[in-house]
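**Q** Take this structure, written in structure tokens, and hold onto it; I'll ask about it next.
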Amino acid sequence: MVSKRGRRIGIAGAVAGVGAAGIGAAVGLRRLAVGRVRLRPDPDADEPFGQLRGNALTVLADDGVPLHVEIDEPDDAPLTALGTKPGGSGGSGGPPPGDRLTIVFSHGYALNQDTWHFQRRDLRYSLDSTVPGGGDGARGRRQAGRGRPRLVFWDQRSHGRSGRSKPTHATIEQTGEDLYAVLRATVRPGGEVVLVGHSMGGMSIMALADRHPEVFEAGRDGPRVVGVALVNTSCGNLTEMTLGLPMVLAKVLRPLAPGTLRGLGRRADLVDRARALGADLAFIVTRRMAFADRRVSPTVVDFLEQMIRATPIDVIAEFYPALIAHDKLDALETLGRVPVLVVSGGEDRLTPPEHGRNIAEALPDAEYVEVGDAGHVLPLEYPGVVTGGLRRLVDRIRAGREERSA
């Protein structure tokens, strides 16, 4: 692990294509191989993946697509969002109680908000701050709870529980606008926000910075971004992605991918049925493409594979060109206004560590963390690294706030 401060996307496409093509091929061998992995001791076997839920609400995007959002409030606060009711629509209204930091999590391509399972579990009560004179007992605990950040999770359009988008709106620019709508619906006017993005979620943050740089400015009336965490992401040049293949072979296969995915998308019903039947092979491909740690929990691999398989193949096909065309290098100037955490996997086949290093080097106040034996899904593969980095980022933000008020 190294940092800039002295410590110096196709998973879904691969799983979809291989899973669909593998039906009826070496079924017995696949099951044997998967069985061996799944029989290993698994400390996460009883983890309630996909079961952590918050206060649900619907936020309408600017084109009318309903976005599924969930808020985890500190336990001393009512489970309501700005101008919303559980299961209702976003709108204007009074701020939530207290003066809290809000952390907004954006997931990656072909996944959903449950990507952040471990961070959601571990940050709910661990980012408390001391309140002088808080007292003892329940009253003291309630007052101390006023320092806990609110956690906001949302499903990108066409992913998870959010509504389906028009194919022409399956763009990174649009996901940045969606994130803007989520901020306006869930954060009080003037409220401070930390944005956290994995893979495509990090690209959504860059798109927000590109289209709405004002949300990174101090003294504004609306939600104000005071920190950013970018995990396994890139600001561009994904056309050079090799998926771990020799460069010569990658260059041959790369032009074929968009057409192949479009073709699969036109037979979505057939392909999605085939993907379900090819789950064993998809498990192996997911483990190979998404993770680098050979001892990664089989339950975690299975959980990720299920998220990918739940994403319709036509959605995967619609977003793929936008990912490859992504170029938000200019947005880094806006991100540079706030403290940033950048985390990369040393064996990431989709957004190699060079992409994270380049982002961190372009920012004036960035901590860079690289995990050598890690792949593309650090929030699940090395959750403690991501969660610890977020704790440090919040500490940096609070320390800066104290310095300014001293």
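Values in this text are rule-based calculations from the coordinates and carry no lab data. Everything quoted here is computed from the prediction, not taken from an experiment. Note: ideal-geometry Cβ built from the backbone for every residue, glycine included; neighbour counts use all protein chains shown.
**Q** Highest first, please rank the peptides 291-301, 189-199 by the mean number of other Cβ atoms sitting within 10 Å of their residues.
**A** Output ranking for 291-301, 189-199: 189-199, 291-301.
**Q** Taking the Cβ of each residue in S204, S405 as the centre, tally the other Cβ atoms inside 10 Å and list the residues starting with the fewest.
**A** Neighbour counts put them in this order, fewest first: S405, S204.
**Q** Find the centroid of the Cα atoms in region 204-220 and in region 316-383, then give the distance between the two in whole Å.
**A** First find each Cα centre; the distance between them is then 18 Å.
**Q** How large is ³J(HN,Hα), in whole Hz, for each residue of region 169-180 in order, when computed from phi with the Karplus curve 6.51 cos²θ - 1.76 cosθ + 1.60 and θ = phi - 60°, using x for Gly and Pro?
**A** Whole-Hz 3J(HN,Hα) from phi for region 169-180: 9, 7, 10, 5, 4, 5, 5, x, 5, 4, 4, 4.
**Q** Pull up all non-local amide H partners of I103: gap of 5 or more, or a different chain, and H-to-H distance under 5 Å with H placed in the peptide plane.
**A** R150, L151, V152, V194
**Q** Which of the peptides 41-51, 63-73 is most tightly packed, and how do the rest follow, going by the mean number of other Cβ atoms within 10 Å of each residue? List each step's numbers first, then the result.
**A** Numbers: 41-51: 12.3, 63-73: 20.0.
Ranked from most to least packed, the peptides come out as 63-73, 41-51.
**Q** Under 19 Å from a point 7 Å along the Cα-to-Cβ line of D293: which residues of region 382-406 have their amide N that close?
**A** 382-392
**Q** Based on the alpha-carbon gyration tensor of region 345-404 and its eigenvalue square roots a ≥ b ≥ c, which shape applies: rounded if a/c is under 1.5, prolate if not and a/b is larger than b/c, or oblate?
**A** The shape class here is oblate.
**Q** Here is a follow-up. Work from the charge dipole of region 167-233 (Cβ charges, +1 for Lys and Arg, -1 for Asp and Glu, about the Cα centre) and give the residue of G227, T171, G191 farthest towards its positive end.
**A** It is G191, whose Cα lies furthest towards the positive end.
**Q** Which order do the peptides 385-393, 371-379, 105-113 take when ranked by the mean count of other beta-carbon atoms within 10 Å per residue, highest first?
**A** Top of the packing list down: 105-113, 371-379, 385-393.
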